[in-house]
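A quick write-up on the structure given underneath.
The values are calculated or read from the model by the stated rules, or taken from the named source; none is laboratory data. Remember, it's a predicted structure, so these values are computed and weren't measured experimentally. Glycine also receives a Cβ, built like all others from the backbone with ideal geometry; neighbour counts cover every protein chain displayed. Each accessible area value is taken on the protein alone, full model and side chains, heavy atoms only, with ligands, DNA and RNA left out. Shrake-Rupley method; radii C 1.70, N 1.55, O 1.52, S 1.80 Å.
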Amino acid sequence: MTLSPTWAAALFMPATVGLLYQALQPHPWPYRLLALSLMLMSLEQAHMARVDLRHGDIVGQRSRDPRLGHFSRVVMLTIAGQVAGFSIAALGHLGWGMGLILVSLLGFNLVASIRLEPASPKPIQPAGWRSRLDVLGLDAIALVLALLWIAQRAQGWVAGGLFAITVLYGGSKLVAYVTAALRSGSAVHVSHTAQEHPKTSQQN
């Protein structure tokens, strides 16, 4: 079974709208803050689902590496778990939905054994769980927060903690994207400059 990157991202949108609706309802502030955090997380995960599938398609056209099949199945299972989790949260069961989302993320980061970099000379890079310890740590902390929410313990701290994790994670990804874009732009500029102004040694 295959799923286009665009359709994969679209699957998250109903739950995203539902979480926005939950965040705007006159619930206690921890509930609304947690719903807002999950809404932001759903946007990020929709983007990541699109990126993972798109990269898989691009690399798959260049390689028949058997690891791609395993990676594709892991991505599909992760997307299914996340969409189900966000949908459950959008229906008002924030804690259970959050728990399913984080179990899916933990499963992906533990099981996925490669990282795809289509622009690299070696587009398939080994990346076991040890290379994802920082992300796994954040996922584990967030899962503990979900369990506390389900147990109705310290819900204000849970909502604030997940919001902080969401902003931290999203901010780090944004910085990475901007840095990559700037490096790409600099490389193009240097290339054009070299063509317009050849080195002295080449002129001699």
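Taking only protein heavy atoms and a 1.4 Å probe, the accessible area of the chain is 67% carbon and sulfur. If a/c stays under 1.5 just call it rounded; otherwise compare a/b with b/c (prolate if a/b is bigger, oblate if not). Do that for the stretch 38-97, with a ≥ b ≥ c from the square roots of the Cα gyration tensor eigenvalues. Cα axes put the stretch 38-97 in the prolate bin. For the chain, with a Gaussian network of springs between Cα atoms less than 10 Å apart, report the residue from Ala90, Ala164, Ala146 with the top mean-square fluctuation. Its mean-square fluctuation being the largest, the pick is Ala164.
Helix screen, the chain: DSSP H segments with Cα axial length of 18 Å or more and mean Kyte-Doolittle hydropathy at least 1.6 are 94-111, 133-150.
In the stretch 1-71 the Cα-Cα distances spread across 5 Å bins starting at 0 as 3, 16, 20, 16, 12, 11, 8, 6, 4, 2, 1 percent of all pairs. Each residue, Leu147 and Arg73, gets one label point 7 Å from its Cα in the Cβ direction; the gap between the two is 2.9 nm. Stretched out straight at 0.36 nm per residue, the stretch from Arg62 to Leu133 would grow longer than its current Cα-Cα span by 22.6 nm.
For the residues Gln125, Gln155, Gln45, a GNM of the chain with alpha-carbon springs under 10 Å puts the largest fluctuation on Gln125. With a ≥ b ≥ c taken as the square roots of the eigenvalues of the C-alpha gyration tensor of the stretch 124-172, please select rounded if a/c is under 1.5 and otherwise prolate if a/b is larger than b/c or oblate if it is not? Since a/c reaches 1.5 but b/c is at least a/b, the shape of the stretch 124-172 is classed as oblate. Divided by 2.2 N^0.38 Å, where N counts the residues, the Cα radius of gyration of the stretch 59-143 comes to 1.24. For the chain, the Cα-based Rg and Dmax, in that order, read 20.4, 77 Å. Using C-alpha pairs under 8 Å with a sequence gap of at least 6, the mean separation divided by the residue count of the chain gives a relative contact order of 20 percent.
Considering only C-alpha atoms, what is the centroid distance from the stretch 17-69 to the stretch 93-166, in Å? Between the Cα centres of the stretch 17-69 and the stretch 93-166 lies a distance of 12 Å. Per residue, the accessible area of the chain comes to 59 Å² when a 1.4 Å probe rolls over the protein heavy atoms. Summing Cβ point charges (Lys, Arg +1; Asp, Glu -1) relative to the Cα centre of the chain gives a dipole of roughly 300 debye.
Computed FRET efficiency, Cβ-Cβ of Ala10 and Ala154, R0 45 Å: what is it to the nearest 0.05? Could the numbers behind the result be given before it?
Details: r = 35 Å, r/R0 = 0.79.
Result of the calculation: an efficiency of 0.80.
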